[in-house]
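Colleague: Sending over a structure as structure tokens; questions will come in a sec.
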Amino acid sequence: MEWNQSRVEDKIGINFKKSELLYLAMIHPSYAQQTGEPENNNQRLELLGEAIINLVVVDYLYNNCPYLEVSKLSALRDKIVEEERLTKLWFQLGLGDAYPFLALKDDRYLLRQRRKNPFQDALKALVGAIHIDRGFSQARNWLKKHLIAPLLERHLKKIKERSSVDKQLKFLGNPLFKAIETDYLYRHLPEVEPSKLINLSKKLVSKERRTDYLNQLTTEDWGLIPQEYENAYKKSFNALLAAIYLHFGSGKSKSDFKKTGDWFAERFVNEDEVLKSAIALLLKDGKPQKWIIRNVMGYESKRYNEGKERFKELIGETE
């Protein structure tokens, strides 16, 4: 079937500003390989979308089910994001018969029966595309409407008392940190494949780094956090990050995720260090210098020499 953007947008209920993002979300790696553009697939968006889905689900549970213990919240999260449910939603949206674009021998019906299938991956990629194109708030609203509310909304209780402030804050902080660092790497390292983004993320979220982050906090940073969370965040950076996120969203702000991500990046991320590590991985994998300068570092032909100097500076070859 030929690509029909408006038809897809009608089915998902969202109009994209950047049509190429929506199209990319529909490109399975098998199809990209068949068309001679193996790197032009939806796997990067899938990685990002998975992180966004997990955060949105936990965010919803944190805000709507404060009366539940973390063990029960975890079980609910797992139920909502299970592979079968994501696949079912893809077909409920009316996308399964035509999308994603595939170059596989198996029938779509047979593929759908598999626990790991291209439809759930495409749904994650779609969420990643919505997040990049329309923002986290729009992705959150879309997931609430289509994935979370149909399963949970009618079962919610009006109990506001929180069962465990410390544990629930960390429960929120874990997927929040994952989404923030995945979002950062996706945006700052275009065209770098998911396996390398995962490798790079390990440095950002290591136990040693999280301890360093806590030690680098200023009085101004501590002032952002309500005292009710004090016992939780002093021992856990993830819990502290959740407290910052809740602070930025206290006025029902639509930019709570972006503000939290910006706060984290400005205080703790050394952009040159991340880029240098990425370049090292890409060179080890045999990627040409020219490709890295143009596709990852973003220096077009007219600025290539400038990019070349920057490249040498990063890898320590300047005279």
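The values are calculated or read from the model by the stated rules, or taken from the named source; none is laboratory data. All figures in this text were calculated on a predicted structure; none of them were measured in a lab. Here the Cβ positions follow ideal geometry from the backbone for every residue, glycine too, while neighbour counts run over all protein chains shown.
Colleague: Which is more than 27 Å from the chain's Cα centre (by Cα), among the charged types (D, E, K, R) and surrounded by 15 or more Cβ atoms within 10 Å (Cβ to Cβ), of Lys287, Lys259, Lys308, Lys302? Give the derivation first.
Modeller: Values: Lys287 fails: more than 27 Å from the chain's Cα centre (by Cα); Lys259 fails: more than 27 Å from the chain's Cα centre (by Cα); Lys302 fails: surrounded by 15 or more Cβ atoms within 10 Å (Cβ to Cβ).
That would be Lys308, the only listed residue that is more than 27 Å from the chain's Cα centre (by Cα), among the charged types (D, E, K, R) and surrounded by 15 or more Cβ atoms within 10 Å (Cβ to Cβ).
Colleague: Would you mention how many residues in region 93-125 are in contact (Cβ under 8 Å) with a residue 12 or more places away in the chain and assigned to a helix (DSSP H, G or I)?
Modeller: Within region 93-125, residues that are in contact (Cβ under 8 Å) with a residue 12 or more places away in the chain and assigned to a helix (DSSP H, G or I) number 10.
Colleague: Does Lys144 count as in contact (Cβ under 8 Å) with a residue 24 or more places away in the chain and either of a type in the set (Phe, Trp, Tyr) or not assigned by TED's automatic domain parsing to the domain that holds Lys18 (or both)?
Modeller: no
Colleague: For Glu306, all conditions in the list (1) without any contact (Cβ under 8 Å) to a residue 12 or more places away in the chain; (2) not in a helix (DSSP H, G or I) hold save one; what is the number of the exception?
Modeller: Looking at each condition in turn, Glu306 falls short on (2).
Colleague: Starting from region 1-20, keep only residues that are in the same structural domain as Tyr99 (by TED's automatic domain parsing), then list their pairs with residues that are of a type in the set (Gly, Ala, Ser) and in a loop (DSSP other than H, G, I, E, B) whose Cβ atoms are within a distance under 7 Å, requiring at least 6 positions of separation or different chains.
Modeller: Met1/Ala98; Lys11/Gly94
Colleague: Restricted to region 56-88, and to residues that are touching a residue at least 12 places away in the same chain (Cβ under 8 Å) and farther than 16 Å from Leu152 by Cβ, which residue is surrounded by the fewest Cβ atoms within 10 Å (Cβ to Cβ)?
Modeller: The selected residue is Glu84.
Colleague: Which ranges mark the helices (runs of 4 or more DSSP H) fully within region 188-249 that have 3 or more residues being farther than 29 Å from Leu21 by Cα?
Modeller: Where helices (runs of 4 or more DSSP H) fall fully within region 188-249 and carry at least 3 residues being farther than 29 Å from Leu21 by Cα, they are 207-216, 219-222, 230-233, 237-248.
Colleague: Give the residues of region 136-167 that are exposed (fewer than 15 other Cβ atoms within 10 Å of the Cβ) and either at positive phi or assigned to a loop (DSSP other than H, G, I, E, B) (or both), sorted by residue number.
Modeller: Within region 136-167, Leu156, Lys157, Lys158, Ile159, Lys160, Glu161 meet the criteria.
Colleague: Now, a different point. Any residue at all in region 40-52 that's farther than 26 Å from Pro150 by Cβ and assigned to a helix (DSSP H, G or I)?
Modeller: Yes, there is a match, as at least one residue in region 40-52 is farther than 26 Å from Pro150 by Cβ and assigned to a helix (DSSP H, G or I).
Colleague: Oh, and also: Before we move on, is Val192 among the β-branched types (Val, Ile, Thr) and buried (at least 20 other Cβ atoms within 10 Å of the Cβ)?
Modeller: So Val192 fits the description; yes.
Colleague: I've got another one for you. Report whether or not Ile292 is among the β-branched types (Val, Ile, Thr), part of a helix (DSSP H, G or I) and touching a Ser or Thr at 6+ places or on another chain (Cβ under 6 Å).
Modeller: Here the answer is no, as Ile292 does not meet what is asked.
Colleague: Looking at (1) surrounded by 11 or more Cβ atoms within 10 Å (Cβ to Cβ); (2) among the hydroxyl-bearing types (Ser, Thr, Tyr); (3) at pLDDT below 90, can you tell me which one Ser201 breaks?
Modeller: (3)
Colleague: Assess whether Ala122 counts as being at pLDDT 95 or above, over 18 Å from Gly94 (Cβ atoms), in contact with a His (Cβ under 9 Å, 6 or more places away or on another chain) and surrounded by 17 or more Cβ atoms within 10 Å (Cβ to Cβ).
Modeller: Answer is no for this residue.
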